[in-house]
Amino acid sequence: MITVNVELGDRAYPIHIGAGLIGRTELYAPHITGSSVAIVTNTTVDPLYGDALRAALAPLGKKVTTVVLPDGEAHKNLETLNQIFTALLTERADRKTTLIALGGGVIGDMTGFAAASYMRGVPFIQVPTTLLAQVDSSVGGKTGINHPLGKNMIGAFYQPQAVIADIAVLRTLPPRELAAGIAEVIKTGAIAESEFFDWIEANIPALNDCDATALAHAVKRSCEVKAAVVAADEREGGLRAILNFGHTFGHAIEAGLGYGEWLHGEAVGCGMVMAADLSVRLGRLDENSRARLTRLIAAAKLPVKAPALGADRYIDLMKVDKKAEAGEIKFILLERFGKTKITGAPDEAVRATLAASV
Ligand code: NAD
Ligand code: GLY
């Protein structure tokens, strides 16, 4: 097992990474101080891993409730969030009840937001079961739900007590979900350092094959990078926005098509291709780097052609992005692997990218 720490003073926490961690009682024990636990999961993950988690918690002698939500991005909304609150109130969960998010990013984001707001805040643990959640969404404390008018628009910054990332559970991930997670790994490589980008290029066949050693390295390195960014800028005053590379276009794809039509990682993959195109158009990135990034995204079996929503619709959707200021859309542009620039862009350049991307 490897442990990466997120250094946030009195809210610091460990990210444990390794195979078989879901069943290790001692990893949960220090973070459960009350008399009850509520596992929040979904109809897909509970039959796969719910029993292993409940067995790990059993020796702690706590009351354990399981809240099983419907599966999918389309359910990441207020109605499903309310199901968590109803279950917690029905079970008389108190201020020391620990919530455990068992699932992918949808479950993690919703459980985190429920933990941030139930009784004004209860502790929670992330047990991410998708690659995307292990490399990105379970770390850093962004929690929330979607609104029909915008992705992840309602939420809170709220850090978990711990992240327990069991690499072994990735074996049951459908290939499309694995690819969606690789998109966020590629994002980290593109924004953080060329050495990691080179490693991903060399190891993309192993990642596509769900090779445990390659996945463990990808999760570790992605968590190290994300932990450092979050420690430097927890609430996205500036630097943290680099983690949104590809997301301005990507979120527009997700919202424009209807949540769940394209996976978040697929939209981010294609969004990075679009952001790289815009970077070249604005003279910030060289053509060879754009082509390398596009090839890598295609090699990860991710879409590189955007859905034809229409330029006006894309622009309307991107104006709802959280980075937009006074209606001006902000883009994370790439200057080279490991160097980004957060900036607005002329309308003609954005429209040219949109036209070239479909
Ligand atoms: P997801 O949570 O929908 O999970 C993908 C699918 O895989 C679901 O059907 C799920 O039930 C299933 N699944 C989960 N674990 C499995 C396993 N081990 N075996 C088999 N099936 C399994 O999607 P995701 O890609 O994990 O997360 C996407 C969400 O994360 C989006 O809502 C996105 O906005 C959010 N996100 C948040 C952050 C953040 O910083 N909070 C960062 C990136 C993404
Ligand atoms: N996934 C973007 C962030 O955590 O800031």
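Can you tell me which residue is most open to solvent (accessible area, probe 1.4 Å) among those in the stretch 198-240 that are within 15 Å of ligand 2 (Cβ to nearest atom) and under 25 Å from Ala291 (Cβ atoms)? Across the stretch 198-240, the extreme among qualifying residues is Val225.
With respect to being in contact (Cβ under 8 Å) with a residue 12 or more places away in the chain, more than 16 Å from ligand 1 (Cβ to nearest atom) and hydroxyl-bearing (Ser, Thr, Tyr), Ser194 fits the description. Ala179 - would you say it is touching a strand residue (DSSP E or B) at 6+ places or on another chain (Cβ under 7 Å), among the small types (Gly, Ala, Ser) and either in a helix (DSSP H, G or I) or open to solvent by 10 Å² or more (accessible area, probe 1.4 Å) (or both)? Here the answer is no, as Ala179 does not meet what is asked.
Exactly one residue out of Leu102, Leu149 is closer than 27 Å to Ala267 by Cβ and modelled with pLDDT under 95: that is Leu149.
Every residue, every condition in (1) under 18 Å from the mean Cα position of the chain (by Cα); (2) near ligand 1 (Cβ under 10 Å from one of its atoms), yes or no:
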residue	(1), (2)
Thr80	no, no
Ala87	no, no
Gly103	yes, yes
Ile107	yes, yes
Gly112	yes, yes
Phe124	yes, no
Ser138	yes, yes
Asn146	yes, yes
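Scanning the stretch 130-145 for residues being open to solvent by 10 Å² or more (accessible area, probe 1.4 Å) and more than 11 Å from ligand 2 (Cβ to nearest atom) gives a total of 1.
The values are calculated or read from the model by the stated rules, or taken from the named source; none is laboratory data. If you're wondering where the values come from, they're calculated on a predicted model, not measured in any experiment. With ideal geometry, Cβ positions are generated from the backbone for all residues, glycine too; neighbour counts draw on all protein chains shown. These area figures cover heavy atoms from the full protein model, side chains too; ligands, DNA and RNA do not enter into them. Shrake-Rupley method; radii C 1.70, N 1.55, O 1.52, S 1.80 Å.
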